[in-house]
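The values are calculated or read from the model by the stated rules, or taken from the named source; none is laboratory data. Just so you know, these numbers come straight off a predicted model, no measurement behind them. Note that we place each Cβ from the backbone using ideal geometry, even for glycine, and neighbour counts take in every protein chain shown.
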Amino acid sequence: MVKPSLSALAEGIVPGIPDTPGALGSIAAITGTTCSAAVFVMRSIVVSEKGWGINDLKAEKKDAFVSASMMLLLSGVIMAVGAGTLHVSGLKLENTVEMINLFEPLGGKMAAFILIIGIAGAGLSTIFPIVLIAPWLISDYQGTPRNIHSTQSRILIIVALMFAFGTVFMEQRPPALMIFSQAFQACILPAVAIPIFILINKPDLMQENKAGAGLNISIIAVIIFSIITTWFALTEFF
């Protein structure tokens, strides 16, 4: 429905930081939600649940490549559509209710219903894996089976849900809360990436599977990237 010019596409591919208020926070939020610490945790759990070992490394890499490619494609499409519609039209989003007006040209009187379904779907698909991370991490640390029906897991899940739904009582606008929560994920990424780098280079732990130069360079790049996005987030909020 939106067909920008080739020159606009070429110009948009060139990376840069907009000189506008809130730009650093938005960058931290976008990177925080796409390359977040939760992705690393969930990815390791998925591999463990599949029962893959060192002999399945080739299949795991192929699976990870497909997953990362889909994430990159979807994120790129969302930003491209947003830039090609809202931005060029000078439309801004300050409150959630304003989204209904943005949907009206496409959805008409059903705009509110489309908005509710979209937000509910996005929220539920995000909150279910997020609330499971703490119980799974603790089970992994204790060396016990992952059992979401245990008393400990249920308490952690209930606390996480109460924290998530409790944000509706805060005075902050929902879009601002969303950007803050996503940017906060960028601050957690170094706490996950740095221990990964240390562990994969321990000879007594990894033995002959110790990380090579290529993997180490990639992890270092992730660490540098995470520190930069963390700085963006802290600069914006403080």
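Residues checked against (1) surrounded by 10 or more Cβ atoms within 10 Å (Cβ to Cβ); (2) closer than 22 Å to Val14 by Cβ; (3) modelled with pLDDT under 80:
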| residue | (1), (2), (3) |
| --- | --- |
| Glu60 | yes, no, no |
| Ala64 | yes, no, no |
| Ala68 | yes, no, no |
| Leu73 | yes, yes, no |
| Met99 | yes, no, yes |
| Leu106 | yes, no, yes |
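Taking Lys92, is it more than 23 Å from Cys187 (Cα to Cα), touching a helix residue (DSSP H, G or I) at 6+ places or on another chain (Cβ under 8 Å) and at pLDDT below 75? Spelling it out, Lys92 is indeed more than 23 Å from Cys187 (Cα to Cα), touching a helix residue (DSSP H, G or I) at 6+ places or on another chain (Cβ under 8 Å) and at pLDDT below 75.
Residue-by-condition table, conditions (1) under 20 Å from Phe103 (Cα atoms); (2) touching a Leu at 6+ places or on another chain (Cβ under 6 Å); (3) assigned to a helix (DSSP H, G or I); (4) among the hydrophobic types (A, V, I, L, M, F, W, C):
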position: Asp56; (1), (2), (3), (4): no, no, yes, no
position: Glu60; (1), (2), (3), (4): no, no, yes, no
position: Asp63; (1), (2), (3), (4): no, no, yes, no
position: Ser67; (1), (2), (3), (4): no, no, yes, no
position: Met71; (1), (2), (3), (4): no, no, yes, yes
position: Val77; (1), (2), (3), (4): yes, no, yes, yes
position: Ala80; (1), (2), (3), (4): yes, no, yes, yes
position: Ala83; (1), (2), (3), (4): yes, no, yes, yes
position: Gly90; (1), (2), (3), (4): yes, no, no, no
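Every residue, every condition in (1) at pLDDT below 80; (2) of a type in the set (Gly, Ala, Ser), yes or no:
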position: Thr126; (1), (2): yes, no
position: Ser139; (1), (2): no, yes
position: Leu161; (1), (2): no, no
position: Gln172; (1), (2): yes, no
position: Pro175; (1), (2): yes, no
position: Phe180; (1), (2): yes, no
position: Leu189; (1), (2): no, no
